[in-house]
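This report refers to the structure that appears directly beneath it.
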């Protein structure tokens, strides 16, 4: 879906702001490559460039805004120390900057943050940072961080809603225009709180106003899309936290105002499509990305008619993916692609019922990947959760036909994710 956008006239972050940030950052961060991707270009019949922020020295663009903000602090502010809240990548950037600039920092992170990201924060910050894991979402950690900051009179380093942070992220746009051999038609940027979109958009729109800037959000956390549609920042009551680097309940006030000016549209991408993209990038091109880093590439599929014959830049925002999440990623991909289906099956109360099900109801290429009786004390008969993996999504119709023909009593759980999550 595309949000309807109004275009105010004022821009908060100037070209000079971004250029000043670049001069500070050029000795600290990598000028990451802008790479023409042959496979994606052929698949979508377009020129697809990847801006590889996954190759940044903390494996995310977030170091740009974090370092530039900390570098701007006065000696008195540095002495007081800093506080930040982050789902992971901003925390790593802040930790790196704290160690580099020798500023003491306290970093609040949501409790579900992948362990790999927490360990990286410790590695980059060393003795200069303390980590506090708290709350279920970024927003929970953010509230506690603000309280701690006020109680201790320290400086809060916002992950996105700050002019210095936005200018730092804008250097991604500066590098894109510096490196690309032609004028891009589309630039796709992931959107969480809106800092990257604000910075890149401010720079691009002032120098290349014809470029269409598209923000990409996870379907389960469309905070910018709904805010733009509402013409004011809104707080989402619930979000899907899977795309942890881009799942926020509320975008920034400043980033919202800038995104109103610079975004030409916002697309949302299903979390399952994100997972499929992660697996394809790894299997086909040996590119490792985190869920937020896959958003823009995942969006190419739904924009394929618009981008045909065009020059497109996808900002790959980060690669901080925890290997322990790969089974979950594979599972979500299979469900999204229609290759895995969970059923609650009521087996007849007689011996041999399970054997008949396997012989009669399953196709020769169908594979049972999960089987669990609901009643733990009776593992011979009764209801069971059965996960079946198919070779092709089109095999599903034949599977259901066999179920009906052999009078299998079933309930499809794919369409009831809340029930499925409680059973598995």
| said: On the basis of being in the same structural domain as residue 296 (by TED's automatic domain parsing) and touching a strand residue (DSSP E or B) at 6+ places or on another chain (Cβ under 8 Å), does residue 22 make the cut? | reply: no
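For every residue, the table says whether it meets (1) buried (at least 20 other Cβ atoms within 10 Å of the Cβ); (2) in contact (Cβ under 8 Å) with a residue 40 or more places away in the chain; (3) within 19 Å of the chain's Cα centre (by Cα); (4) assigned to a strand (DSSP E or B).
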| site | (1), (2), (3), (4) |
| --- | --- |
| 314 | yes, yes, yes, yes |
| 332 | yes, yes, yes, no |
| 346 | no, yes, no, yes |
| 358 | no, no, no, no |
| 364 | no, no, no, no |
| 369 | no, no, no, yes |
| 385 | no, yes, no, yes |
| 388 | yes, yes, no, yes |
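Matching residues to (1) modelled with pLDDT of 95 or more; (2) surrounded by 13 or more Cβ atoms within 10 Å (Cβ to Cβ); (3) in contact with a helix residue (DSSP H, G or I) (Cβ under 6 Å, 6 or more places away or on another chain):
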| site | (1), (2), (3) |
| --- | --- |
| 319 | no, yes, yes |
| 326 | no, yes, no |
| 340 | yes, yes, yes |
| 353 | no, yes, no |
| 375 | no, no, no |
Those strands (runs of 3 or more DSSP E) completely within region 129-237 that have 1 or more residues that are surrounded by fewer than 20 Cβ atoms within 10 Å (Cβ to Cβ) are 129-133, 155-157, 212-218
task: Determine if region 61-84 includes at least one residue that is in a loop (DSSP other than H, G, I, E, B) and modelled with pLDDT under 95.
output: no
Selection from region 244-278 of residues assigned to a loop (DSSP other than H, G, I, E, B) and either over 22 Å from residue 325 (Cβ atoms) or at pLDDT 95 or above (or both) yields 250, 251, 252, 263, 264, 270
Quick count over region 288-312, residues being out of contact with any strand residue (DSSP E or B) (no Cβ under 8 Å at 6 or more places or on another chain) and touching a residue at least 24 places away in the same chain (Cβ under 8 Å), is 5
Test for residue 77: is it surrounded by fewer than 17 Cβ atoms within 10 Å (Cβ to Cβ), touching a residue at least 24 places away in the same chain (Cβ under 8 Å) and over 17 Å from the mean Cα position of the chain (by Cα) | yes
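The values are calculated or read from the model by the stated rules, or taken from the named source; none is laboratory data. A quick note: this is a predicted structure, and the numbers were derived from the prediction, not measured. Glycine gets a Cβ as well: all are built from the backbone with ideal geometry, and neighbour counts include every protein chain shown.
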